[in-house]
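The values are calculated or read from the model by the stated rules, or taken from the named source; none is laboratory data. From a predicted model like this one, the values you see are computed outputs, not experimental measurements. Note that we place each Cβ from the backbone using ideal geometry, even for glycine, and neighbour counts take in every protein chain shown. Accessible surface areas use protein heavy atoms only, side chains included; no ligands, DNA or RNA. Shrake-Rupley method; radii C 1.70, N 1.55, O 1.52, S 1.80 Å.
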Amino acid sequence: MACDASSRGQLLSSYSLGYLSSQIAGGALADRIGPRLVILCASALGGACTLASASARSVRALCLAQVLLGVSQGPLYPTSIAYLGPALPPSKRAHASTVLDLGITLATLLALPFSGAIAAAVGWRGAFRLYGVL
């Protein structure tokens, strides 16, 4: 699939657009139906969207899959906070949310070089397939 500089910019922003659009609604949904169910559904949908990214046959289709991936992942942080809140005393909540945010940031920093190595070994579609089944 050919991908020029403009298309790369669209691809890089596609996930964030979806992520941003679902954070508030995802947190509200967790309050309504419970965080466990939201986390389960978001994770399953995220895997499906990641697999769909591997199957994209055009830049437009890949952008759409990435927007949907962002939509599926946007609820995870607010839902995780909703999950932690009742489980911890107020004096421990700030520390727990900091550790959660730190874990997300560290995982991203570790995943980036590994993703490049995986893509170099099995191609970008193979990298998406691997992450989709994880």
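Would you confirm, using the coordinates I've provided, whether Ala94 is crowded, with 18+ Cβ neighbours inside 10 Å and over 21 Å from Ser21 (Cα atoms)?
Judged against the criteria, Ala94 is not a match.
Within region 50-85, work out how many residues are in contact with a Gly (Cβ under 8 Å, 6 or more places away or on another chain) and open to solvent by less than 10 Å² (accessible area, probe 1.4 Å).
Final tally of qualifying residues: 6.
Could you list, in sequence order, all residues of region 1-35 that are surrounded by 11 or more Cβ atoms within 10 Å (Cβ to Cβ) and either polar (S, T, N, Q) or outside any helix (DSSP H, G or I) (or both)?
Result: Met1, Cys3, Ser7, Gln10, Ser13, Ser14, Ser16, Ser21, Ser22, Gln23, Gly34.
Loosely packed, with under 13 Cβ neighbours inside 10 Å and within 20 Å of Gly34 (Cα to Cα): is that true of Pro113 in this structure?
No, not satisfied.
Open to solvent by less than 30 Å² (accessible area, probe 1.4 Å), over 18 Å from Ser16 (Cα atoms) and either part of a helix (DSSP H, G or I) or in contact with a strand residue (DSSP E or B) (Cβ under 6 Å, 6 or more places away or on another chain) (or both): is that true of Val38 in this structure?
Yes, satisfied.
Checking Ala127 against (1) at pLDDT 95 or above; (2) open to solvent by 70 Å² or more (accessible area, probe 1.4 Å), which single condition isn't satisfied?
(2)
Can you give me the ranges of the helices (runs of 4 or more DSSP H) entirely in region 54-134 with at least 3 residues that are in contact with a Pro (Cβ under 7 Å, 6 or more places away or on another chain), over 21 Å from Ser6 (Cα atoms) and touching a residue at least 24 places away in the same chain (Cβ under 8 Å)?
Because the criterion is at least 3 residues that are in contact with a Pro (Cβ under 7 Å, 6 or more places away or on another chain), over 21 Å from Ser6 (Cα atoms) and touching a residue at least 24 places away in the same chain (Cβ under 8 Å), the helices (runs of 4 or more DSSP H) in region 54-134 that meet it are 76-87.
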